[in-house]
Amino acid sequence: MLDQIRRVLAARPFAPFTITLASGGSRRVLAAEHLAIAPGGEAIHIAAERSCEAIAVSGISGIRSDSGDSAAGPGVASRLAGIRLLVFDFDGVWSNNQVLVMQDGTEGVLCNRSDGLGLGMLKEAGVPMLVLSKEQNPVVAARCRKVGVECLQGIDDKLKELERIASHRGLTLHEITYVGNDINDVPCMRAVGIAIAVADAYPEALAAAALITTRAGGYGAVREVCEWFLGARAAHAGRVG
């Protein structure tokens, strides 16, 4: 958690964010407030104009960026329900950003089974998805085939490809959500309607995100995004019904 807090601090200034507390409460941090980590790393200090508050790191269960709404809030839920295409980076989002190099030079990655289940539920709900990856290793396509998600890989200019995809499908970029973790994802994240970064994303990606998962890439972040979309669609259906 301390590493995630450091990444959030490195990404400032950006939109306000919310600290979720293990006790069940939360603390929204405004852009005008100043943050610092205690020398021993045991707490973070939040300083406003006339006050200073300390929050124990051990009492923090998650951090997410927001622009006025939480991930579960009505404003963001409504926007998620209106998204017509969900696009994922692969390395560091579907995987934990590490690679297994075998003696013969072949490579493998570690993915999360719960992510696969979430993707399956989202497919059943009718949410179009695809993976857009710079990586050329066939393991990316193999994992996407396994879970039944379209995959485009070996893409150097992701934004150009995303614009091509949007045009081909009759979409605007505002109708797309992009989930990323690194600097080559930032142009896409800045262009789409809703940008999401995984918890252990690099500062540049965190700064470009409207939402940040509480889980790291390869450790349930994709499942968390799927749950956001499923919840948003259920809420939207309830309002329409």
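No lab work stands behind these numbers, since they all come straight from the coordinates. If you're wondering where the values come from, they're calculated on a predicted model, not measured in any experiment. Here Cβ is always computed from backbone atoms with ideal geometry, including for glycine, and neighbour counts include all displayed protein chains.
About the centre of its Cα atoms, the range 135-241 shows a dipole size close to 460 debye [charges on the beta carbon of Lys, Arg (+1) and Asp, Glu (-1) only; nearest 20 debye].
Unpaired Cys in the chain, meaning no second Cys C-beta under 4.7 Å: C52, C111, C188, C226.
Excluding same-chain pairs closer than 8 in sequence, count the lysine pairs in the chain whose Cα atoms lie under 22 Å apart. Intermediate values should be presented prior to the final figure.
Numbers: K123/K146; K134/K146; K134/K158; K134/K160.
Pairs that pass both the separation and distance tests number 4.
Placing +1 on the Cβ of every Lys and Arg and -1 on the Cβ of every Asp and Glu, with no other charges, gives the chain a dipole of roughly 640 debye about its Cα centre. Using alpha carbons only, the radius of gyration of the range 90-241 set against its Kirkwood radius gives Rg/Rh = 0.96.
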